[in-house]
Amino acid sequence: MDNVFNKQFFSIAETFGQPGKPGLIPVSRATGHAGIKSGVFPSPVKIGGRRFFTATQLREIVAKIERGELAQPLQPRRKHAA
C-alpha cells in the first residue's frame, strides 16, 4: 500500500471513492464523512476551497483499519422525517 502514497494530498473522492469507483479507504463517502465528524478519521486540510487528506493522515487511517480499531462499522446519520 505504500506505493499508493507517492502523492502528498488526496481528495475526498480519491479517499472514499464515488459511485462506480472505489476509493483508497473501503468505506462509502457518507460513512467517511460520518467518521470525520465523529473524530474516528482525522479532519482533512483545506486547500483552495477543497478538502484533502495528507498521505500521513491516510497512513493513520489504514493503520487503524489494520489494527482492527475500526471493527465497529461507522454509520452515516439518517435524516428523520418530521
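Points worth noting:
- Formal net charge of residues neighbouring Pro26 (Cβ-Cβ distance under 14 Å; K, R +1; D, E -1): +1
- A rounded overall shape is assigned to the range 2-67, the ratio a/c of its alpha-carbon gyration tensor axes (a ≥ b ≥ c) being less than 1.5.
- On the basis of the beta-carbon distance and an R0 of 25 Å, Val62 and Phe9 show a calculated FRET efficiency of 0.95.
Bear in mind that the values in this text are calculations on the coordinates, not laboratory data. Every value quoted in this text rests on a predicted model; they were computed, and no experiment measured them. In this analysis, Cβ positions are derived from the backbone assuming ideal geometry, glycine residues included, and neighbour counts consider all displayed protein chains.
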